[in-house]
Amino acid sequence: MSTRPVSGSRYPSGMTREEAAPGRRPRGRGKSTTANQATVESAASRSNPRRELVEKQMMEQATRLFAEKGFASTTLQDIADATGLTRPALYHYVANKDELLSRLVSESTETPAALLHEINERPEVGPTEKLRQMATAIALHQAEGPDRFRLIIRSEAELPEEIASTYQQSRRHVLKEFIRVIEDGIRLGEMRPVDPRTAALGVIGMINWIAWWHQPGNAENDRAIAGQLADMAVRSLVQENPHPVTPEGPARAIALLRQDLDYLERLIDESATSD
């Protein structure tokens, strides 16, 4: 990833001395900007192409540095140097490290959770195909930006309280959506009667591991890897013969009955616990 400055001048292209003045943004560690605030600010910046370019490079360098050094060990001066900005100029784009991290957490966790929910809400798609689409979407998201995930994992213990809360909530939403589609698949007989939560965690873990071994940069390769992992996720759960015409024999019939009884027993236990 390039660390070349945005421009060779003291201030980024299109930026006046007044805009770069340190008084334009508050200094120091203030209250963390929420994910919603970060989203609004990001949307507003898109009306200015030059600002958008600087912010894109700033976020890329922050991602790299947080992933390499950890959140606590990275300073705003480090980010300014890597982006080609002076520290006073950096305050024109971001108030503090918490704001940068809040944006990155939002992009890495809230966006995938919303995407999974949208897929799960498609009435014309069955559970097996939903699982394939969901696994593909998350795998592609990880393949295209593994640094984002690594930085969050490395900095998880250092996350400010507000950002940590957003991160944990988004993780729960991702898990909930995978559990939901697996439960639907089991109920309709498309998937084996396994424990939905364990299966969901297995699929998520397999997909997230991409961040530790995949090198991004080739879009075709990213899509191929995402498709292969999604296929592996589906094959690990679907019934080989969802609706067999004739049983192969007593042994098979007994095995299927035991699976169904295990599933029924688990449902009864969950119902008793919720009551």
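Would you mind stating whether G205 is modelled with pLDDT of 70 or more, surrounded by fewer than 14 Cβ atoms within 10 Å (Cβ to Cβ), part of a helix (DSSP H, G or I) and in the same structural domain as K130 (by TED's automatic domain parsing)?
yes
Report whether or not E156 is of a type in the set (D, E), surrounded by fewer than 20 Cβ atoms within 10 Å (Cβ to Cβ) and more than 30 Å from G185 (Cα to Cα).
Yes.
To keep it simple, each residue is scored yes or no on (1) closer than 19 Å to R150 by Cα; (2) assigned by TED's automatic domain parsing to the domain that holds I204; (3) surrounded by fewer than 22 Cβ atoms within 10 Å (Cβ to Cβ).
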site: Q61; (1), (2), (3): yes, no, no
site: G70; (1), (2), (3): yes, no, yes
site: A80; (1), (2), (3): no, no, yes
site: T83; (1), (2), (3): no, no, no
site: P88; (1), (2), (3): no, no, yes
site: Y91; (1), (2), (3): no, no, no
site: T111; (1), (2), (3): yes, yes, yes
site: A114; (1), (2), (3): no, yes, yes
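Within the range 222-240, restricting attention to residues that are surrounded by 11 or more Cβ atoms within 10 Å (Cβ to Cβ) and assigned to a loop (DSSP other than H, G, I, E, B), which residue is modelled with the lowest pLDDT?
Looking at the filtered set, the residue picked out is Q239.
Among A219, A253, A272, which is outside the structural domain of R150 (by TED's automatic domain parsing) and either at pLDDT below 70 or at negative phi (or both)?
Sole residue among the options that is outside the structural domain of R150 (by TED's automatic domain parsing) and either at pLDDT below 70 or at negative phi (or both): A272.
Quick check, is Q77 closer than 21 Å to P160 by Cα, polar (S, T, N, Q) and at pLDDT 85 or above?
yes
Condition check: under 14 Å from G70 (Cα atoms) and of a type in the set (V, I, T). Does I152 satisfy that?
yes
Any idea how many residues of the range 165-202 are part of a helix (DSSP H, G or I) and either under 17 Å from S108 (Cα atoms) or not β-branched (V, I, T) (or both)?
Residues in the range 165-202 being part of a helix (DSSP H, G or I) and either under 17 Å from S108 (Cα atoms) or not β-branched (V, I, T) (or both): 25 in total.
Residue-by-condition table, conditions (1) among the hydrophobic types (A, V, I, L, M, F, W, C); (2) under 17 Å from T128 (Cα atoms):
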| residue | (1), (2) |
| --- | --- |
| Q215 | no, no |
| D222 | no, no |
| M232 | yes, yes |
| S236 | no, yes |
| Q239 | no, yes |
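Condition check ((1) of a type in the set (G, A, S); (2) in contact (Cβ under 8 Å) with a residue 60 or more places away in the chain) across all residues:
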{"residue": "E60", "(1), (2)": "no, no"}
{"residue": "A67", "(1), (2)": "yes, yes"}
{"residue": "L76", "(1), (2)": "no, no"}
{"residue": "T83", "(1), (2)": "no, yes"}
{"residue": "T86", "(1), (2)": "no, yes"}
{"residue": "L90", "(1), (2)": "no, no"}
{"residue": "D98", "(1), (2)": "no, yes"}
{"residue": "V105", "(1), (2)": "no, yes"}
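Which residue is farthest from S102 (Cα to Cα), if the candidates are limited to the range 208-221 and must be among the small types (G, A, S) and in a helix (DSSP H, G or I)?
A219
The values are calculated or read from the model by the stated rules, or taken from the named source; none is laboratory data. The model shown is predicted, which means the values in this text are computed figures rather than measured ones. All Cβ positions, glycine included, derive from the backbone under ideal geometry; neighbour counts span all protein chains shown.
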